[in-house]
Amino acid sequence: QVQLVESGGGLVQAGGSLRLSCAASGRTFSSYAMGWFRQAPGKEREFVAAVKWSGVSTRYGDSVKGRFAISRDNGKNTVYLQMNSLKPEDTAVYFCAADRLGSVRLTDQPREYNYWGQGTQVTVSS
């Protein structure tokens, strides 16, 4: 079993920055792909970013491209999401997720991720 715990959320003014962290414990592997998703009230879960097990390959949702950056530190079993130039539309609960097949794919589909954290709230004020 893999446990994921997000942290770093909070309240920030538009244009500001936050860095989210996701700490993994249990049976973890550097071969897992790690992803970030978000969900706002009344909206579907949205893909934000993902990083492959190598840490080299990344992908981003169109709405965050150029503003957010995902990275991972396999030695610390931690994945990060650096969020810059935040907008009110970024307000959501942000979830960390892990894909066991990250060695062969980098997916943006929530159903293909095996493990999920409980989420951390990010609120961007205008």
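What the table below lists for this structure:
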read-out	value
The chain, relative contact order [Cα under 8 Å, separation at least 6], %	36 percent
DSSP-defined antiparallel bridges as percent of all bridges, the range 1-123, nearest 5	95 percent
Loop-located trypsin sites (Lys or Arg not before Pro) in the range 1-109 whose Cβ has at most 11 other Cβ within 10 Å (DSSP)	ARG27, LYS43, LYS65
20 Å tail of the calculated P(r), the chain, as % of Cα pairs	35 percent
Straight-distance crosslink candidates among lysines, where the alpha carbon sits under 22 Å from LYS65 and sequence neighbours closer than 8 are dropped	LYS43, LYS52, LYS87
Accessible surface, per residue, of the range 36-126 when the full set of protein chains is kept, probe 1.4 Å, Å²	51 Å²
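The values are calculated or read from the model by the stated rules, or taken from the named source; none is laboratory data. On a predicted model such as this, the values are computed, not experimentally measured, just so you know. Here Cβ is always computed from backbone atoms with ideal geometry, including for glycine, and neighbour counts include all displayed protein chains. The protein model used for the area step is the full one, side chains on, heavy atoms only, and it has no ligands, DNA or RNA in it. Shrake-Rupley method; radii C 1.70, N 1.55, O 1.52, S 1.80 Å.
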